[in-house]
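All of the numbers you see were taken from the coordinates with simple rules; none came from a lab. Predicted model, so just to flag it, every value in this text is computed and none were measured. Here the Cβ is made from the backbone with ideal geometry for all residues, glycine too, and neighbour counts use every protein chain on show.
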Number of protein chains: 2
Amino acid sequence: MKISDIGEFGFIDAVKDNTIFRPQSVVVGIGDDGAVYKTTAGMEQIAVIDTMVEGSHFIIGKTASWYDVGYKAVASNLSDIAAMGGVPTHLVLSTAIRPDMDMADLTEMYDGMKAICRKYGVNILGGDTVLSKGSLVITVAAFGEVEAGKAICRSGAKAGDVVAVSHCVGDSSGGLDVLLHGAEGYKRLTQAHKLPVPQIELGRLLVAHHCHSLNDISDGLASESNEIAKASGVVLVLDRARIPVSPELQQWAAAQHTDCWHYVFNGGEDYELIFTMAPRDFDALQQEYPDVTAIGTVEAGKGCVYLQHDGQQTLLPPSGWNHFRNEGEHTIGYNDARRT
Amino acid sequence: MKISDIGEFGFIDAVKDNTIFRPQSVVVGIGDDGAVYKTTAGMEQIAVIDTMVEGSHFIIGKTASWYDVGYKAVASNLSDIAAMGGVPTHLVLSTAIRPDMDMADLTEMYDGMKAICRKYGVNILGGDTVLSKGSLVITVAAFGEVEAGKAICRSGAKAGDVVAVSHCVGDSSGGLDVLLHGAEGYKRLTQAHKLPVPQIELGRLLVAHHCHSLNDISDGLASESNEIAKASGVVLVLDRARIPVSPELQQWAAAQHTDCWHYVFNGGEDYELIFTMAPRDFDALQQEYPDVTAIGTVEAGKGCVYLQHDGQQTLLPPSGWNHFRNEGEHTIGYNDARRT
């Protein structure tokens, strides 16, 4: 069945169930001009927004299923909330769709959104559905909360801090490459690309452990580390040998005769966290959450990043992927969108 | 200069000034993973989202300038907040743009957004900018506040209520027709289409005067009145002779040998308000805000609308424009998008 057969109201009726997973804060949900919700006393609100465009951020049947698209459109937003130290609570969404889209595909996309919302207790409060003559465009705006004064910004890094990351870096863009090559296997990489994990639990622990600065790795480690350095007015010195790279990514890079560091530094959509904190606090964090790795230190200086490697120290430029300059006609980029 | 010449970061730098018009509630503005803001004790939060697609919701140079597009993308969201009785406070936005777009056009679009945000004291907290190979798609998610328990829903209409509307209905779709015909004059109509006025002041007065049910007229009076009737489980009886229609719209309809009621009932994007309230409360409201007109009454019944006209009473179906069924290849619809 096409969306044009069922009509907009039929479509809304088909997807509106199973959207509330945190009922206590909803006053007015789907079905009015606006949604109304309660906030928690003592908490500040976080707002984020992220868009994915068919053909640019994903290629159906090649790099993603419709389920993956829905899941990831929410995941990228929840990652931004995690990167402030917050708890996600609600979202609203907008989809621009073609009239010839199949209802089954759209329902699958909503199933992906609902699955991740259920997992993290996030309400789908409503949205907007419009016609597009071109690619599907999905925009999610998500909200969250963080204890007043406790949001972790990019700008708080201090000389003497440890620089650390969560889990491994580069898997998602490695997975994208696997999918674009149509290669078999490398499940860890392709899962990292298709169904990324927003690091909400770790974000909350970073608030508890007095983390100084925090970014999610949506545009590659080079870009994100430079953002912290620039916003904080410090120098980050990263030790390449200490950066956690998965065996699968190393294996894929070796099979392709490519350099795995390209995926780590210039890749994107890992949605892991990069953060800086006092060494003692980092040790305490690691006791509670072992999947974090110290990869460098913060020094006084002027907003740049150095990479130590084989006894040398070279400037690491913020060479993350740039949407407007690097997009070829048929390429899919390392493509998380940057907030203004 | 093209957007591809300046790059994404250059673009962000070019538009990020003059975005905070309500500084007291901003904790973290543009430039981090998420924006952080304070809410007001005793208030509940309202969230809305609305998308406009180039070629579907507007045709540049014909129905809108880029300034108008930015202005209206915000106005439609503020209207949804007004339609809950709320005060708009913040927004985040996402634009999917073509790499060959001219920076001057984009800057103009942001100027339109900033102008209406300044007017209503709304902060632009951040956003997302992605590449689109097709039409420009702009999505705004806006937030507002309303006193706890005081949001006005569609579902509160009561038998005995007065049904009323603000100002005149139908001007916007009349203005769209004027613009599509390339006709001269009819400034009131074309302004109503290009730079609609969100009825925030009236929405706040409706909260103060105990309004029972409220919708903004984004999809025509037929659709919106039916939404109230259906959500409230009542019958609305409207008197066609009492519905306020501007002389300009009557003049345009006469010149076109068309029926002005088509614009009133099936048009859209007026962003006026339709509401129901106790007769005594309506009288008190009218003392304070004269530009409202009683157009009917609420009766007990089963969720439908009757139109009285020339001594007859006929069923008025919710025949507002439907995005998916009515869109021709080159037409521009009556096109406010419906919330799910």
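Structure above, values below:
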read-out: Inter-copy separations for B:Ala104, label at 7 Å along Cα-Cβ, nm, ascending; value: 5.0
read-out: Per-residue mean of C-beta atoms belonging to partner chains within 10 Å, peptide A:51-58; value: 5
read-out: Mean Cα-pair separation over length for region A:154-320, i.e. relative contact order, pairs under 8 Å, 6 or more apart, %; value: 42 percent
read-out: Per-copy distances of the A:Gly233 label point, shortest first, in nm (7 angstrom along Cα→Cβ); value: 6.2
read-out: About the Cα centre, charge dipole magnitude for region B:1-151 (Lys/Arg +1, Asp/Glu -1 at Cβ), debye; value: 340 debye
read-out: Label distances, nm, B:Gln256 versus same residue in remaining copies, Cβ-directed 7 Å point; value: 5.5
read-out: Residue with peak Gaussian network fluctuation, chain B [Cα springs, cutoff 10 Å], from B:Gln312, B:Gln287, B:Gln191; value: B:Gln312
read-out: Among B:Met113, B:Val28, B:Ser223 - extreme Cα towards positive end, dipole of chain B, charges at beta-carbon; value: B:Ser223
read-out: Extension reserve of the A:Lys2-A:Arg22 stretch, reckoned as 0.36 nm per residue once the Cα distance is removed; value: 4.0 nm
read-out: For region B:268-313, fraction of C-alpha pairs farther apart than 13 Å, in %; value: 69 percent
read-out: Residues B:Ala115 and B:Ala14, FRET efficiency given R0 of 22 Å [Cβ-Cβ distance, rounded to 0.05]; value: 0.85
read-out: Exposure proxy order (Cβ contacts within 10 Å, fewest to most) of A:Lys302, B:Lys72, A:Lys150, A:Lys2; value: A:Lys302, A:Lys2, A:Lys150, B:Lys72
read-out: Cβ-Cβ FRET estimate between B:Lys38 and A:Ala159, R0 fixed at 25 Å, reported to 0.05; value: 0.25
read-out: Rg(Cα)/(2.2 N^0.38 Å) for region B:154-321, N = residue count; value: 0.99
read-out: Peptide A:88-97, shielding by other chains (average Cβ, 10 Å cutoff); value: 5
read-out: Part-to-part distance (alpha-carbon centres) for region B:115-169 and region B:218-267, which is given in Å; value: 21 Å
read-out: Volume in Å³ per residue [convex hull over Cα atoms, computed for region B:227-274]; value: 94 Å³
read-out: Ranking of B:His210, B:His57 by count of other Cβ atoms within 10 Å, fewest first; value: B:His210, B:His57
read-out: For residues of A:150-160, the mean tally of beta carbons on other chains within 10 Å; value: 2
read-out: Simple label model, 7 Å out from Cα along Cβ direction - A:Gln286 to B:Tyr289, nm; value: 6.1 nm
read-out: Square roots of 5 times each gyration tensor eigenvalue, C-alpha, region B:33-185, largest first, Å; value: 29, 23, 12
read-out: Size of electric dipole in chain A: Cβ of Lys, Arg +1 and of Asp, Glu -1, about Cα centre, debye, nearest 20; value: 500 debye
read-out: Partners for B:Lys114 among aspartates and glutamates (Cα-Cα distance below 12 Å; same-chain residues under 8 apart left out); value: B:Asp17, B:Asp68
read-out: For B:Glu288, A:Glu227, order by how many other beta-carbon atoms lie within 10 Å, fewest first; value: B:Glu288, A:Glu227
read-out: The protein assembly as shown - charge dipole about Cα centre, Lys and Arg +1 at Cβ, Asp and Glu -1, debye rounded to 20; value: 740 debye
read-out: Sum of -39500 (n - 2.57) over DSSP H runs of 4+, divided by residues of chain B (222 nm, nearest 500); value: -10500 deg cm²/dmol
read-out: Tail beyond 40 Å, pair distance distribution of the protein assembly as shown (Cα, percent); value: 30 percent
read-out: For chain A: rounded, prolate or oblate by the Cα gyration tensor [a/c cutoff 1.5]; value: oblate
read-out: Net lengthening on full extension, A:His210/A:Ile59 (0.36 nm per residue, minus Cα-Cα); value: 50.3 nm
read-out: Pair-distance profile P(r), taking every C-alpha pair of region A:1-64, with 5 angstrom steps and integer %; value: 3, 11, 13, 14, 20, 17, 12, 7, 2, 1
read-out: For region A:40-93 and region B:49-101, distance of Cα centres in Å; value: 21 Å
read-out: Listed pairs A:Lys119/B:Lys133; A:Lys16/A:Lys62; A:Lys62/B:Lys2; B:Lys38/B:Lys119 exceeding 25 Å between Cα atoms; value: A:Lys119/B:Lys133; A:Lys16/A:Lys62; A:Lys62/B:Lys2
